1. Does Glu74 fit the bill of being of a type in the set (Asp, Glu) and at pLDDT 90 or above?
2. With the structure loaded, tell me whether Glu35 is among the acidic types (Asp, Glu) and more than 10 Å from the chain's Cα centre (by Cα) or whether it fails that test.
3. In the stretch 19-42, which residues are surrounded by 13 or more Cβ atoms within 10 Å (Cβ to Cβ), in contact with a helix residue (DSSP H, G or I) (Cβ under 7 Å, 6 or more places away or on another chain) and either at negative phi or not in a loop (DSSP other than H, G, I, E, B) (or both)?
4. Restricting to the stretch 6-21, count the residues that are closer than 13 Å to Cys49 by Cα and at pLDDT below 95.
Amino acid sequence: MYYIAEVDKDKCAETNCHLCTTYCPEANCINYSEEDKSAYVSVDRCKSCEICVYICRDVAKHNAIQMKWIDNLEDRFVIKRVGVVQR
């Protein structure tokens, strides 16, 4: 088990600051959704460094990102297998 950053979409959408996407050291890990007006974390890219938590909590003062066990994420993710037909 390991920790993954999780964005509270409601809190994030209220501020629209994008700081976490700017300061995350892992390319394409935290991105911004125009549809949701919120940042989101690519679970497979997150290295659990917690820089985004620090930036959001201590620099931006928004407190919209927390670290959670991967099994406890609010937005469940689905891994799709390409080329497999399920019957």
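1. Working: of a type in the set (Asp, Glu): yes; at pLDDT 90 or above: no.
Taking the combined requirement at face value, the residue does not satisfy it.
2. Taking the combined requirement at face value, the residue satisfies it.
3. Leu19, Cys20, Tyr23, Cys24, Ile30, Asn31, Tyr32, Asp36, Ser38, Ala39
4. Within the stretch 6-21, the subset closer than 13 Å to Cys49 by Cα is 6, 20.
Filter once more, keeping what is at pLDDT below 95: 6.
Total satisfying the criteria: 1.
The values are calculated or read from the model by the stated rules, or taken from the named source; none is laboratory data. Quick caveat, the model's predicted, so the values are computed rather than measured. So basically every Cβ, Gly included, is an ideal-geometry build from the backbone, and we count neighbours across all protein chains shown.
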